[in-house]
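Worksheet for the structure shown next.
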Amino acid sequence: MASRSTPIDWVKIICALDIGTRSVVGLACSPHGDQLRVLATEIAFHPQRDMMDGQIHNIAGVADTVRQVKYSLEKRLGVPVEEVAVAAAGRALKTQQSFAEKELTPGQKIKREEVTSLELEALEKAKKKLSAKSTGYYCVGYTSTGYYLDEMPISSLIGQKGSKMGTRILATFLPNVVVEGLLTVIEEAGLSVRSLTLEPIAALKATIPPEYQMLNLALVDIGAGTSDIAITREGSVLAYAMVPMAGDEITEKIADTYLLSFNQAEEIKIKLTQKPKVISLQNILGIKHQLSWEQLAETISPVVEKIAANIANSILKFNEKPPRAVFLVGGGSQTLGLKEQVAEKLGLPPEKVVVKGREVISGIRYNGKRLKGPEGITPFAIALSAVENKYYGFSYVTVNGKVVRLLETERQKVVDALLAAGFSAKKIIGRRGKGISIKVQGEERYIPGEAGENARIYVNKKAGSLETPINNNDQIIIEEAVEGKRPTVKIKDLFPPDKFSIILNGSPRQLPPVFTVNGKEASLDTILSDNDEVELKGLGSLEDFCRLAELDWQKYQFLLGGKEVEASYILQPGDELACRLRQKSSTSPPQAHNQAQQKAKPPAAHTITVQVNNQKVTIKSSQKPSFVDIFNYIDFDRSKPQGRLIMSHNGSPASLTSPLKDGDKISIYWDKEQG
């Protein structure tokens, strides 16, 4: 039983288990001020290889070893052990790189919500890559390793403008099967889980003080089956990685070279760390050997170099450069020559790769000897993570009525729940509607669609966002984003009003334009479709203008650029015309005039009746009447515009030169709303 010289609150006792490949380490601690006082420790080795490379292969066998540690701790404490803090091995974590990009509307400022949605899209891609190999993953965390604007690197996207944005992320996932296997072992051993953390995270927090976590550092936990890596940068974990090589490779090399059992070789490997002058052994053939530590070191040297190379390559893969320093922990970190080899492979000075033991953990009071070395880091870190509440548990939230189980983190947000629920990132940000391309006067013009409406997010019936923190039992409702509509474009939207005027003797005069769409006559209100071709044919002929202006074009001379233009000339926007009376020419002799008059035949009369604004109008003309003749028979003052002049002929846009027929229906009015 633990000593009671210092009062112990037995209710607050924290028991932690480090379930490793070779053994299960258990310890019991009592909070004492800002530290944990270790009351008891226990180590039990797996009698057979029930775990390999950190993965539980025999649940019943591992549960038996855990139960053995539980009973030993209870015996020493004198109280039952019911709850334990545990950790999922870092070797089970899967780190995945992913990239996502999105087209932007020119001129649009990028918002935080859009960046988060883009990151979620990259996370979905990363998760899909893993799901193709296995089923079920918890997202432990992610970090963006780079942002891109128009394919150029940029430190931040928020507030920027461009045509395309992108992000590259490193995301870490924990397979569901690992968590379920660990929980099953605990349950089989008659225990319940007090807290669940991840070994590399716990070790990182325990060994590297917060004020140093801004540095680019690598922590390598070298166990029996694997070497687990955590890399920090700028105050967060950049990536987790795993090398499937560690202490067991050294053991197997010794066993294979000297024909020993695995357990014999393991004992020799442990002795080798002490550098004894002579190590005695007897192999399966009964042959005895007396070996120096230098001989054994030379035997394992190729394997040590291979492990170091794999560790260095993994660090460089995710960090893209050597870190500022490397910390080695775990029992395997004591392997002769490993520290030096890691430094060499990374191109670091030897003093920047160090082996850390229990002494670096300031939050633990421990006077024992069993867990003094690097192998004690993980169990102490698990205990600290429980007392500091820096752990992962499980929380349950609902997303649109669907219950989702989350691996609880310190900073859970709506975005985490949406990823777990499989909610597509493409349903969060309202995409702009499809635009249309129109050729105007021979030039291509693109009109973008209307802006979409972003998803509406509610947390417990209150408006939220992707960044809103969430807790256990929260209810999340998300109304999917709505894509914008295609634009409605009329001809009048493409031309400014000054396009429909000429200058006559220095004064602007508005004229009705003549348009065609795909070769067919159209009006200003014609709605355009994708790939339409619009042409402004002009503002009618000079003769049409004279009729509108009630001018006798035969009495006037019209000059454009100093040269006279004919009545058939098609006026163009911006034409500057000069108008003046024609000079009278000399008349012909009276006799000749009379003779010509006698020879001239009387012109044929044309009489038709049309409807103008639902009123019958009779037109008499010596020539076939055209639309412009209407203004000689109706009371319509065009000298004082009251809006935009609208003219239709039998339901279609009117042309001033269109011939009139008996029974035609005509509408002429001012559109005051468009004036």
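The values are calculated or read from the model by the stated rules, or taken from the named source; none is laboratory data. The structure presented is a predicted model; accordingly, all values stated were derived computationally and were not measured. Cβ placement follows ideal geometry from the backbone for every residue including glycine, while neighbour counts extend to all protein chains displayed. Only protein heavy atoms, including side chains, enter the accessible area calculation; ligands, DNA and RNA are left aside. Shrake-Rupley method; radii C 1.70, N 1.55, O 1.52, S 1.80 Å.
Secondary structure note: in the chain, about 80% of the DSSP beta bridges are antiparallel.
Only Cα pairs under 8 Å and at least 6 apart count here; give the relative contact order of the stretch 479-576 as a rounded whole percent.
Result for the stretch 479-576 is 31 percent.
Computed with every protein chain present, the accessible area of residue 446 is close to 140 Å² [probe 1.4 Å].
Dipole orientation for the chain: of the candidates 284, 309, 613, 613 has the Cα lying most toward the positive pole (charges on Cβ; Lys, Arg +1; Asp, Glu -1). Would you pull out the residues with amide H under 5 Å of residue 394's amide H, same chain only if 5 or more places away, H placed 1.01 Å from N? Amide H neighbours of residue 394: 408.
Our compactness index for the stretch 419-575, the C-alpha radius of gyration over the empirical 2.2 N^0.38 Å, is 1.78. As a length-normalised measure over Cα pairs under 8 Å and 6 or more apart, the relative contact order of the chain settles at 9 percent.
Take the Cα pairs of the chain, get the Kirkwood Rh, then feed it into Stokes-Einstein at 10 °C and 1.306 mPa s and tell me D in µm²/s. Rounded to a whole number, D works out at 49 µm²/s. Sequence gap at least 6, Cα distance under 8 Å: using those rules, report the relative contact order of the stretch 470-525 to the nearest whole percent. Relative contact order comes out at 26 percent. Between the amide H of residue 145 and those of 168, 169, 170, distances stay under 5 Å, these residues lying 5 or more places away or on another chain, with hydrogens modeled in the peptide plane.
Legend: residue pairs 109/490; 434/537; 537/665; 102/161, Cα-Cα distance threshold 18 Å; pairs beyond threshold, 109/490; 434/537; 537/665. The loop-placed GluC sites (Glu not before Pro) in the stretch 511-573, going by DSSP, that have at most 12 neighbouring Cβ atoms within 10 Å of their Cβ come out as 550, 566. For the chain, the longest principal axis of the C-alpha atoms and the axis of helix 293-319 are separated by about 20°. Highest-first packing order for the peptide set 295-304, 21-30, 336-345 is 21-30, 336-345, 295-304, based on the mean count of other beta carbon atoms within 10 Å.
If you place +1 on the Cβ of every Lys and Arg, -1 on the Cβ of every Asp and Glu, and leave all else neutral, what size is the dipole of the chain about its Cα centre, to the nearest 20 Debye? Provide the component values of the computation, followed by the final result.
Details: 85 positive and 78 negative charges, 154 e Å.
Dipole magnitude for the chain comes out near 740 debye.
Each principal axis of the Cα cloud of the stretch 48-192 was taken in turn, and the coordinate range along them, longest first, works out to 71, 32, 18 Å.
In the stretch 212-251, the C-alpha radius of gyration followed by the widest Cα-Cα span (Dmax) gives 11.9, 38 angstrom. Among the aspartates and glutamates, which have Cα under 13 Å from the Cα of residue 127 when same-chain residues fewer than 8 positions away are ignored? Hits, sequence-local ones excluded: 119, 416.
For residue 306, the lysines whose Cα comes closer than 21 Å to its Cα, not counting residues fewer than 8 places off in the same chain, are 253, 269, 317, 321, 339, 345, 352.
Shape class of the stretch 340-452 from the alpha-carbon gyration tensor: oblate, with a/c at 1.5 or above and b/c at least as large as a/b. Protein heavy-atom surface of the chain, 1.4 angstrom probe: 48% of the accessible area is carbon and sulfur, with nucleic acids and ligands not counted.
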